[in-house]
Amino acid sequence: MFAVSDTLSRYHAQCRSGLFVTVRLGSSRQADCRGTGICKMALASVDQAAAVVTAYLRRDALTGRLLVHFRRLTVTEAVRRHHFRHGVLTLTDPYRLPQDIVEGLRLPPGDYYLGAGDYPTLDDDFFHTVSLRITTTAYCQNRLLSAA
């Protein structure tokens, strides 16, 4: 029993070691952020809206993916039902990471996007955790061109 508790405590400490951000959920392609996905992400506060939550960001050393640990206490029931439906976060569009977050994550200079897709969540008492694919501009442009 002690080993599980220690492992979970270490995991939660790792989650909290990432960049602390605010996230406005919704589609970045719509001015009012309707839809699903990530509309805005910032180290500082984004404009207040019903779907604004806080999270910790960190890169997974093994996969290179972005781990987003959404703090459960900021996810309302309405936000959970709309954006984390059936334990999945859907990004309908690629989301361009702001430059200050790229720098905070210590990525090489360049444009980075979170790839569109359905991402299952790992839920516990403190976090809704999602492992997101990070792509480059060229990859996203090719995907968008091939879809057209």
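One table, with the values for the structure above:
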read-out: Order of Leu67, Leu91 - criterion: other Cβ atoms within 10 Å of each residue's Cβ, fewest first; value: Leu67, Leu91
read-out: For Glu103, Glu77, order by how many other beta-carbon atoms lie within 10 Å, fewest first; value: Glu77, Glu103
read-out: Loop trypsin sites (Lys or Arg not before Pro), segment 64-135 (other Cβ atoms within 10 Å of the site Cβ: 10 or fewer; DSSP); value: Arg106
read-out: Placed amide H near Arg59: partners under 5 Å, 5+ positions off or other chain; value: Leu67
read-out: Cβ-based exposure ranking for Ser9, Ser131, Ser28, in which fewest neighbours within 10 Å come first; value: Ser9, Ser131, Ser28
read-out: Amide hydrogen neighbours beyond the local backbone of Val88, cut-off 5 Å, H modeled; value: Thr121
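Values quoted throughout were computed directly from the atomic coordinates according to the rules given, and no laboratory measurement underlies them. What you are looking at is a predicted structure, and each value in this text was computed from that prediction instead of being measured. For neighbour counting, all protein chains shown are included, and Cβ atoms are generated from backbone atoms with ideal geometry for every residue, glycine included.
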